[in-house]
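A quick write-up on the structure given underneath.
The values are calculated or read from the model by the stated rules, or taken from the named source; none is laboratory data. These numbers were taken from a predicted model, which means no experiment stands behind them. Heads up, the Cβs are rebuilt from the backbone with ideal geometry, glycines too, and the neighbour counts pull from every protein chain shown. The area values use the complete protein model at the heavy-atom level, side chains included, leaving out ligands, DNA and RNA. Shrake-Rupley method; radii C 1.70, N 1.55, O 1.52, S 1.80 Å.
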Amino acid sequence: MLKEGNSMPELVLKVGIVVYFLLIVPVAFVMPNYLAWENGLLEMLQNMVLFFNVILCFSFFRKTAGQRFHTLWLAVSGYFLLLFGREISWGRIFFQTGMDEHGPTFISMSSVPGHQYIHGGISIYTAIVLVSLIWLVPWKKIFHEIPVPKLGFAILIVTAVLAACGDKGLLFHSYVDSNIEELAELLSYIMQGGFAAWYYKQFKMLK
């Protein structure tokens, strides 16, 4: 994730991420399934990480006022806010209706008054965030002037695949898949926040 010549804290972070990644599947087999329930410990940790990422990128936005890439950080903050909204099911997690063998159950979005407007607002917001990122990210500088953290991106891609396969139950066809999904998503969100901080540092060094 980090380039050669890392400081000690960066090296510790890098090693920690690799160790976490390697332990996802083994830990998923021994971890109680309730930790991966909706509104469970792992999802709460994911929400905390995403909210921290929102604040982090907004702080980058404020720190870069009048500088290059200023508005980029507002878009990235909006991206993490979008993920945060998705993780809390756009507020549905605050309206629990019961429990079953898979954990808490919640009110369906279709039961929320004005749900069609909520879906419309989410769609518009998603489009604004995506277009802003496509327009504001300095792709040329990222690919030609900044070293690509190859290991970090490789881990992030594999983690995303694990999360997607776990969500669909394609790995072990048991509760282990849900555990893998939530563990992988948590690592993904941590890494994405780490990438934001790393690129903020790299952008400051560009001439």
Quick one: count up the residues across the range 25-57 that are open to solvent by 20 Å² or more (accessible area, probe 1.4 Å) and part of a helix (DSSP H, G or I). 17
Which numbered condition F60 misses (of (1) assigned to a helix (DSSP H, G or I); (2) touching a residue at least 60 places away in the same chain (Cβ under 8 Å); (3) closer than 28 Å to G166 by Cβ): (3)
Filter the range 113-152 for residues that are open to solvent by 60 Å² or more (accessible area, probe 1.4 Å) and at pLDDT 95 or above; the one that is nearest to the chain's Cα centre (by Cα) is L130
Scan of the range 157-207 for residues that are surrounded by 14 or more Cβ atoms within 10 Å (Cβ to Cβ) and not in a helix (DSSP H, G or I), ordered by number: G169, L171, F172
Quick check, is A75 over 21 Å from I134 (Cα atoms), crowded, with 16+ Cβ neighbours inside 10 Å and modelled with pLDDT of 85 or more? no
